[in-house]
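One structure below.
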Amino acid sequence: MDIFKIVMIGIIAAVMAVILREEKPEIAMQVSLVTGLILFLFIISKLDSVITVLKYFAGKANIDILYFSTILKVIAIAYITEFGAQVCRDAGECAIASKIELAGKVLIMVLAIPILAALMDIMIKIVP
Amino acid sequence: MDVNLIFKIAAIGIVVAVLNRVLNQSGREEMAMMTTLAGTVIVLMMVISLISRLFDNVRTMFQL
């Protein structure tokens, strides 16, 4: 199963990072960063099939494709923001991590504005 | 799942650490500093190429 590979890689990389942490903290940080990247790349490739199935159901239930692609964009932004913030927090830079998270929230807000506008239009039509 | 990248980076880190210690012992601190910088830059080049690959994957997958 894939989960065994993932866990093994994570543990080995953690040991490597601990070895290097005392001598060379900057390279230890990059070992953990690369491990996160590799696991992320592995997960993203698995996610592809889920997205195609969801898209198929969205098409069948004739949901507007705009809404579905917005949801996908929000998920992608959330993924990357969380990844970047976690890496910065590991390196001990909590200030940078919180700034990245703030930027991620703002970007998601900007993406959600059109949907919010559509919702308000519908609400206004309903209320006489 | 290119696992050997992790081991490559860890190997570079260990080599740079040992080299750093040896150079410090032999009295050439500035050389030790240079090797540390060189090691970090090499590792950074590898990491940046992997990061750009990840971002391209996410961009194509989520049509960002």
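The values are calculated or read from the model by the stated rules, or taken from the named source; none is laboratory data. Remember, it's a predicted structure, so these values are computed and weren't measured experimentally. Using ideal geometry, Cβ is built from the backbone for each residue, glycine included, and neighbour counts are taken over all protein chains shown.
Here are the numbers:
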| read-out | value |
| --- | --- |
| Check on residue A:63, surrounded by fewer than 17 Cβ atoms within 10 Å (Cβ to Cβ) and within 20 Å of the chain's Cα centre (by Cα) | no |
| Number of positions in segment B:1-11 that are under 10 Å from the mean Cα position of the chain (by Cα) and either more than 7 Å from chain A (Cβ to nearest Cβ) or farther than 17 Å from residue A:14 by Cβ (or both) | 2 |
| Test: residue in segment A:68-82 that is in contact with a Pro (Cβ under 9 Å, 6 or more places away or on another chain) and either more than 10 Å from chain B (Cβ to nearest Cβ) or farther than 28 Å from residue B:17 by Cα (or both) | yes |
| Subset of segment B:43-54 that is more than 30 Å from residue A:51 (Cβ to Cβ) and within 8 Å of chain A (Cβ to nearest Cβ) - its residue that is surrounded by the most Cβ atoms within 10 Å (Cβ to Cβ) | B:43 |
| Single condition residue A:43 does not satisfy, out of (1) away from chain B (no Cβ under 14 Å); (2) exposed (fewer than 15 other Cβ atoms within 10 Å of the Cβ); (3) within 13 Å of the chain's Cα centre (by Cα) | (1) |
| Those residues of segment A:80-106 which are more than 13 Å from the chain's Cα centre (by Cα), buried (at least 16 other Cβ atoms within 10 Å of the Cβ) and either assigned by TED's automatic domain parsing to the domain that holds residue A:33 or among the aliphatic types (A, V, I, L, M) (or both), in sequence order | A:91, A:97 |
| Unique match (being within 27 Å of residue A:116 (Cβ to Cβ), out of contact with any Leu (no Cβ under 6 Å at 6 or more places or on another chain) and β-branched (Val, Ile, Thr)) among A:75, A:19 | A:75 |
| So residue B:18, is it buried (at least 17 other Cβ atoms within 10 Å of the Cβ) and under 16 Å from the mean Cα position of the chain (by Cα) | no |
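To keep it simple, each residue is scored yes or no on (1) among the charged types (D, E, K, R); (2) facing another protein chain (nearest Cβ under 10 Å).
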{"residue": "B:13", "(1), (2)": "no, yes"}
{"residue": "B:29", "(1), (2)": "yes, no"}
{"residue": "B:33", "(1), (2)": "no, no"}
{"residue": "B:41", "(1), (2)": "no, no"}
{"residue": "B:56", "(1), (2)": "yes, no"}
{"residue": "B:61", "(1), (2)": "no, yes"}
